[in-house]
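Let me begin by presenting the structure, written as structure tokens, before commenting on it.
The values are calculated or read from the model by the stated rules, or taken from the named source; none is laboratory data. These figures come from a predicted structure and were not determined experimentally. Note that we place each Cβ from the backbone using ideal geometry, even for glycine, and neighbour counts take in every protein chain shown. Only protein heavy atoms, including side chains, enter the accessible area calculation; ligands, DNA and RNA are left aside. Shrake-Rupley method; radii C 1.70, N 1.55, O 1.52, S 1.80 Å.
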Amino acid sequence: MVELPKAYNPREVEDRIYQDWEKNGYFSARPDPAKKPYSIVIPPPNITGILHMGHALNNTIQDILIRFKRMRGFEAEWMPGTDHAGIATQNVVERRLAKEGVKRQELGREKFVEEVWKWREEYGSTIIRQLKKLGCSCDWPRTRFTMDEGLSGAVLEVFERLYKKGLIYKGSYIINWCPRCQTALSDEESQHRDVEGMLYYIKYPVKGSDEHVIIATTRPETMLGDVAVAVNPQDKRYKALKGKTLLLPILDRELKVIYDRLVDAKFGTGALKVTPAHDPVDFELGRKYALEEINVMNGDGTINASGGDYEGMDRFEAREAIIEDLKERGLFVKSEAHRHAVGHCYRCHTMVEPRLSPQWFVKMAPLAKPAIEAVKSGKIKFYPARWTKVYLDWMENIRDWCISRQIWWGHRIPVYYCKKCQGEKGIVVSRVKPEKCPSCGSAEMEQDPDVLDTWFSSWLWPFSTFGWPKETPELKYFYPTDSLVTAQEIIFFWVARMIMAGLEFMGDTPFKDVYIHGTVRDMTGTKMSKSLGNVIDPLDMIAKYGTDALRFSIISITAQGQDVYLSESKFELGRNFANKIWNASRFIMMNLKPEELSVDLCAFFKGMKLTLAERWILSRFYTTLGYVEECICKYKFNEAANAVYEFLWHEFCDWYIEISKSTIGEKSSQVILYKVLEKSLRMLHPFMPFITEEIWQKLPRPKDTAGESIMVQPWPHAQKEMISKDDEEDMGRVIALVASVRNMRAAWNIEPRAEIRAIINTHDPKDEKLFSGSSELIKRLARLLDLAIGRHAKPKSSAAAVIGRSDVYLPLEGLIDFEKEKARLGKELMRMEGEMKGLRSRLGDKNFTSKAPAEVIGKQRERAAELEIQIKKMKENMSEVAG
């Protein structure tokens with residue numbers, strides 16, 4: 001049998017093991033009628049992406065699920081791939097070219113797209129290599145890309161189908177426009193955040209009089225496109241304006257006054273400037289009253305020719321110039337601070353400009369209806385359940401989706417225009433360029449310059465990756481998929497749209513469960529980001545602590561759906577756990593006799609009289625195994641991880657291995673140590689795949705499994721007949737008794753090696769029988785010279801503890817110097833009371849409790865509660881000394 005090295009070194013193990021897994025094809029899945037399928041599609045990371053802690057959390061969860069299901073006998077498929085990330089990737093390549101002094105416009109569309117493909121070939125697989133470093137067991141030979149030939153074909157198929165069905169249309173509407181990226185954005189891509197702005201009050205003269213109306217606006221630069229002023233018909237202040245005309249300051253354009261209930265009489269002065277080309281509310285008013293739509297901005301956010309003397313100025317530069325001109329003309333009243341929500345580009349964070357623009361849209365309401373029902377009926381379940389309401393609220397108020405983007409990298413819209421025909425008859429939707437116009441026969445056909453929103457390919461991901469629109473064996477077998485693991489910020493971008501697409505094009509939901517995990521934050525509760533400098537690089541943590549340490553740590557501290565508060569020190573938990581498992585395994589393997597081990601556990605123990613400790617560890621293993629299975633199936637990964645940790649670290653390593661040392665040569669101990677270790681490694685494998693593989697490969701095993709991997713071994717079989725709650729409770733009391741004696745030793749500074757006397761005062765015959773039957777074990781573990789069990793009075797000058805229905809006494813006479821101990825305890829009590837005073841002061845400070853993260857406050861409260869118990873115990877100890 002191979003001996004384990006003294007210390008576990010992840011760097012020497014992980015790459016070698018991963019290469020073996022890949023070489024042997026353990027990650028691959030194929031349609032198999034004899035097996036039940038289980039499939040997950042990866043949320044495709046952008047090709048511009050590098051691994052961050054959000055990826056680490058998301059993909060560790062997926063890998064736990066896929067490894068667990070693989071071991072449970074499912075044909076488990078984890079479909080990998082990457083997203084072309086239109087805007088993000090184009091920005092990256094543009095910045096790269098800019099360093100060389102080249103603009104994309106100078107290259108032209110075709111050559112620029114070639115440059116992007118070159119960049120993708122060079123850098124687009126970085127995130128894939130990093131996911132492999134994380135231990136992800138994806139079916140890598142199937143790796144898809146949202147712009148590969150198959151997925152591009154699916155995109156064209158969907159566009160054509162929806163267009164023919166009347167669900168795709170083109171129209172001029174107010175959209176979110178990013179002046180930096182110079183493209184339209186969907187509502188979901190325009191992320192609103194509060195900004196400290198200003199509200200400007202401006203006089204609009206009444207034509208032919210000295211009167212004026214004061215208008216309040218946050219965007220004076222858009223007044224260049226004003227065509228009317230609107231007031232609420234119920235607002236008595238403006239009844240006299242009926243039939244009058246106002247003049248637009250500076251440009252002197254005549255503005256009509258309209259009366260409409262849409263106007264909020266409480267905002268500003270109650271009079272609203274109407275700019276149909278630059279505001280969604282104004283746009284609706286403009287269509288309602290047939291107002292002119294004057295667009296005053298270019299795509300880059302500068303003022304166009306409609307802006308008169310301000311032409312060429314940046315929008316914010318124009319704002320300042322207009323305010324100065326208004327002041328000179330006596331038309332500026334005042335400005336005041338005004339906090340309001342403003343949309344920002346989700347990619348470059350530039351302030352979005354509402355702008356009238358011709359764009360392509362998808363009608364969403366007809367697609368949303370069955371997707372709403374799928375969730376309401378329970379066919380799709382969200383974990384945690386609270387996200388169900390978030391999803392339904394958005395779906396029931398869904399707006400049409402703007403799918404066109406004014407960039408070059410992406411799926412080009414498959415629409416062609418005849419240069420000679422006008423209107424609808426000159427529009428052709430086709431997957432390939434038509435040779436001629438079907439209406440007039442002209443060969444002068446020009447493709448729409450826009451590309452489709454990146455999400456237009458991503459919403460097809462669960463079925464396009466398996467070959468749709470072809471009816472492939474993989475599509476038939478693996479669709480619908482089972483679980484989707486994702487983050488809350490893309491519920492609308494991606495999750496909801498995938499449900500709609502699945503129902504529309506496959507006639508079935510794309511997955512059964514949606515698990516929404518939390519956001520990774522630093523210890524102050526701030527979301528991790530490069531710009532804030534609070535990022536912890538997962539690759540650095542892997543290099544320092546090992547992949548298993550990173551995986552186990554981040555999972556064990558992440559409660560279902562809750563945000564994760566992370567610091568580097570948190571990864572020590574996983575590192576220490578790995579070392580504990582390694583050391584315990586090394587000890588066991590050094591003492592194993594391989595010839596004793598080839599037995600069936602259940603059959604072997606039938607008829608054998610096992611000790612309480614042996615029955616207990618077997619019961620605890622199978623109880624833990626069942627709980628871990630239940631937690632994984634319910635997406636309670638931290639509870640599963642912590643149950644494994646508790647069993648392996650505390651019950652198996654700290655207690656059973658210690659107990660077994662006196663009988664380690666006996667066959668029952670040999671078999672139990674080996675079997676519990678081997679099965680525990682399999683139970684732990686989905687969480688910590690590398691160390692479990694390394695240890696398992698070196699364990700003695702039956703000949704028919706030699707050379708195989710732990711990852712393709714079956715999940716341990718639940719042997720419920722070996723579970724005994726009575727044995728668990730009995731051994732729990734024995735352990736509590738030993739622990740209490742050890743704690744009293746520590747509290748009274750008694751040498752660990754000193755053999756002392758203890759007395760157990762029992763009040764129940766069952767306890768007396770239990771402790772008497774386990775007295776030798778208790779004496780050995782607690783280092784007792786003598787143990788009296790029965791009905792006993794408490795001796796003078798003795799320490800005491802309560803264990804269930806029994807009392808434990810530790811006579812201290814002759815063991816300690818009472819005066820010296822009294823001084824030590826008094827000093828320690830002062831220190832604890834000082835700490836408690838500080839904690840109470842902090843927790844009573846509203847400034848602290850209102851600003852500190854909930855986790856920090858929670859830990860302070862936990863420490864205060866812990867200290868309170870310790871102080872009480874310390875006072876009790878002091879009274880014992882005094883007595």
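The table below lists the values:
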item: Per-region count, the stretch 780-804, residues more than 49 Å from the chain's Cα centre (by Cα) and of a type outside the set (Gly, Ala, Ser); result: 10
item: Ala799 part of a strand (DSSP E or B), buried (at least 20 other Cβ atoms within 10 Å of the Cβ) and out of contact with any His (no Cβ under 9 Å at 6 or more places or on another chain); result: yes
item: Some residue of the stretch 129-136 being surrounded by fewer than 16 Cβ atoms within 10 Å (Cβ to Cβ) and not acidic (Asp, Glu); result: yes
item: Which numbered condition Gly54 fails, given (1) surrounded by 21 or more Cβ atoms within 10 Å (Cβ to Cβ); (2) in a helix (DSSP H, G or I); result: (1)
item: Residue that is in contact with a helix residue (DSSP H, G or I) (Cβ under 6 Å, 6 or more places away or on another chain), of a type outside the set (Phe, Trp, Tyr) and either part of a helix (DSSP H, G or I) or open to solvent by 40 Å² or more (accessible area, probe 1.4 Å) (or both), where the choices are Arg319, Arg339; result: Arg319
item: Counted residues, the stretch 82-92 - those being touching a helix residue (DSSP H, G or I) at 6+ places or on another chain (Cβ under 8 Å) and surrounded by fewer than 22 Cβ atoms within 10 Å (Cβ to Cβ); result: 1
item: So Glu114, is it at pLDDT 95 or above and within 22 Å of Ala29 (Cβ to Cβ); result: no
item: Given (1) in contact (Cβ under 8 Å) with a residue 60 or more places away in the chain; (2) closer than 30 Å to Glu328 by Cα, index of the condition Glu254 fails; result: (1)
item: Residue, most open to solvent (accessible area, probe 1.4 Å), within the stretch 363-383, restricted to residues that are part of a loop (DSSP other than H, G, I, E, B) and either closer than 22 Å to Lys165 by Cβ or modelled with pLDDT under 95 (or both); result: Lys363
item: Residues of the stretch 605-642 classified as of a type in the set (A, V, I, L, M, F, W, C), farther than 20 Å from Pro714 by Cβ and within 36 Å of the chain's Cα centre (by Cα), total; result: 3
item: Enumeration of residues in the stretch 464-479 that are crowded, with 24+ Cβ neighbours inside 10 Å and outside any loop (DSSP other than H, G, I, E, B); result: Ser464, Phe478
item: Filtered residue count, the stretch 224-238, keeping only those that are part of a helix (DSSP H, G or I) and either among the polar types (S, T, N, Q) or over 16 Å from Lys207 (Cα atoms) (or both); result: 4
item: Residues of the stretch 714-729 satisfying the condition of being within 21 Å of Phe771 (Cα to Cα) and of a type in the set (Asp, Glu); result: Asp726, Asp727, Glu728, Glu729
item: Residue in the stretch 522-529 that is in a helix (DSSP H, G or I) and acidic (Asp, Glu) present; result: no
item: Check on Gly49, part of a helix (DSSP H, G or I), surrounded by 14 or more Cβ atoms within 10 Å (Cβ to Cβ), small (Gly, Ala, Ser) and modelled with pLDDT under 95; result: no
item: Enumeration of residues in the stretch 542-575 that are in a helix (DSSP H, G or I), small (Gly, Ala, Ser) and modelled with pLDDT under 95; result: Ser569
item: Flag if Arg863 is within 30 Å of Val520 (Cβ to Cβ) and open to solvent by less than 90 Å² (accessible area, probe 1.4 Å); result: yes
item: In the stretch 6-46, the residues that are open to solvent by less than 70 Å² (accessible area, probe 1.4 Å) and without any contact (Cβ under 8 Å) to a residue 40 or more places away in the chain; result: Asn9, Gly25
item: Enumeration of residues in the stretch 805-851 that are surrounded by 11 or more Cβ atoms within 10 Å (Cβ to Cβ), part of a helix (DSSP H, G or I) and over 47 Å from the mean Cα position of the chain (by Cα); result: Phe818, Lys820, Glu821, Lys822, Ala823, Arg824, Leu825, Gly826
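Condition check ((1) closer than 30 Å to Thr692 by Cα; (2) free of Cβ contacts under 8 Å to residues at least 40 places away in the same chain; (3) open to solvent by 10 Å² or more (accessible area, probe 1.4 Å)) across all residues:
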| residue | (1), (2), (3) |
| --- | --- |
| Ala496 | no, no, no |
| Leu503 | no, no, yes |
| Phe511 | no, no, no |
| Tyr515 | yes, no, no |
| Lys530 | no, yes, yes |
| Gly533 | no, yes, yes |
| Ala549 | yes, no, no |
| Ile555 | yes, no, no |
| Leu566 | yes, no, no |
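Here's the yes/no breakdown for (1) at pLDDT below 95; (2) not basic (Lys, Arg):
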position: Lys244; (1), (2): yes, no
position: Leu247; (1), (2): no, yes
position: Asp252; (1), (2): yes, yes
position: Val263; (1), (2): yes, yes
position: Phe267; (1), (2): yes, yes
position: Ala290; (1), (2): yes, yes
position: Gly301; (1), (2): yes, yes
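So that you can scan it fast, the table gives a plain yes or no per residue for (1) closer than 26 Å to Ile657 by Cα; (2) in contact with a Phe, Trp or Tyr (Cβ under 7 Å, 6 or more places away or on another chain); (3) small (Gly, Ala, Ser):
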position	(1), (2), (3)
Arg753	yes, no, no
Asn761	no, yes, no
Leu777	yes, no, no
Ala800	no, yes, yes
Ile803	yes, no, no
Gly814	no, no, yes
Gly826	no, no, yes
Arg831	no, no, no
Glu835	no, no, no
